[in-house]
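Each remark here refers to the structure printed beneath this line.
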Amino acid sequence: MARAAQGKDMSAALAIFVKTPGLSPVKTRLAAALGTAGATDFYRLAAAATAEVARSCQPALVPYWAIAESGPAAADAWRGFVQLEQGEGDLGERLDHVYATLQARHGQALLIGADAPQLTPAMLRAARAALDDPATPFVLGGASDGGFWLFGGRMPVPQAVWCSVRYSQACTASELRTLLAAHGEVANVPMLTDVDTAASLPALASALTALAEPLPGQRALLDWLHTTLDCTLLTGTHA
């Protein structure tokens, strides 16, 4: 069913997909090394850093929290941006719901998670610029594990595309590219490492250290990582 793109404004939407600690498990694979409290601390710091980067791109990008849960407790946990529920179903259905809603509302929509907090305003601006190019209706930021940390588009994407991708696999990004090929060219932004397990934390720390102009939230996360890498991962202990 075609989705009308009426009432678009001149800004692109940027949806940050989040889960609410205390209402849903967060970073369960990371918790195997850091414990539940440590994984939750990481998630909160990473989400805060990601939000700072998004905020710095206003007004060209309109940030949204795309929240996994419904209800007042979840809404209260994610303040500062417009809120949108991810909806029901598996990840493909939720990506479809958020993307379709925001692409219809704004014309252009970018989707990211909160687990690649080394992203920069320049990367988000580059993704937006790619969508302004008539040759590239879609943009993808690949992740080092074969997934993707960013997707953006200015055209509707059939639900069948979202729901045919095998997520959390080494082939996730390549499958999405293949399925999108029939609908338009896909531009690229730099690959990042997103954090699912403790093995990704040193790479994240290196990437944050290399930032020319880290935002305060990124510096706070880096300080936390230095403490965690020194005290937790090296000893193999957690709370």
* Antiparallel DSSP bridges in the chain: what percent, to the nearest 5? -> 30 percent
* **Helix axis angle, 28-56 relative to the chain longest principal axis, alpha carbon, degrees** => 50 degrees
* Structure fact -> Here the gain from full extension of LEU23 to ASP223, 0.36 nm per residue of separation minus their alpha-carbon distance, amounts to 69.3 nm
* Asked: Which whole-Hz couplings ³J(HN,Hα) result when phi for each residue of the range 103-116 is put into the Karplus expression 6.51 cos²θ - 1.76 cosθ + 1.60, θ = phi - 60°, listed in order with x for Gly and Pro?
  -> 5, 5, 7, 10, x, 10, 9, 10, 10, 9, x, 10, 10, 10
* **Rounded tilt (10° steps) of 121-132 against the dominant C-alpha axis of the chain** => 20 degrees
* To do: Could you calculate the contour length gain from ALA181 to SER168, that is, 0.36 nm times the residue separation minus the distance between their Cα atoms, to one decimal place in nm?
  => 2.6 nm
* Asked: Given the range 15-74 reduced to its alpha-carbon atoms as identical point scatterers, what log10 I(q)/I(0) does the Debye formula return at q = 0.12, 0.28 Å⁻¹?
  -> -0.34, -1.13
* Normalised contact order of the range 12-230, rounded percent, pairs of Cα under 8 Å and 6 or more residues apart -> 23 percent
* In the neighborhood of GLN169, defined by Cβ-to-Cβ distances under 15 Å, what is the net charge if each Lys or Arg adds +1 and each Asp or Glu adds -1? -> -2
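We did not get these values from a lab; they are worked out from the coordinates using the rules stated. Since the structure is predicted, the reported quantities are computational estimates derived from the model, not experimental observations. Because the Cβ atoms are built from the backbone with ideal geometry, glycine has one as well, and the counts that use them run over all protein chains shown.
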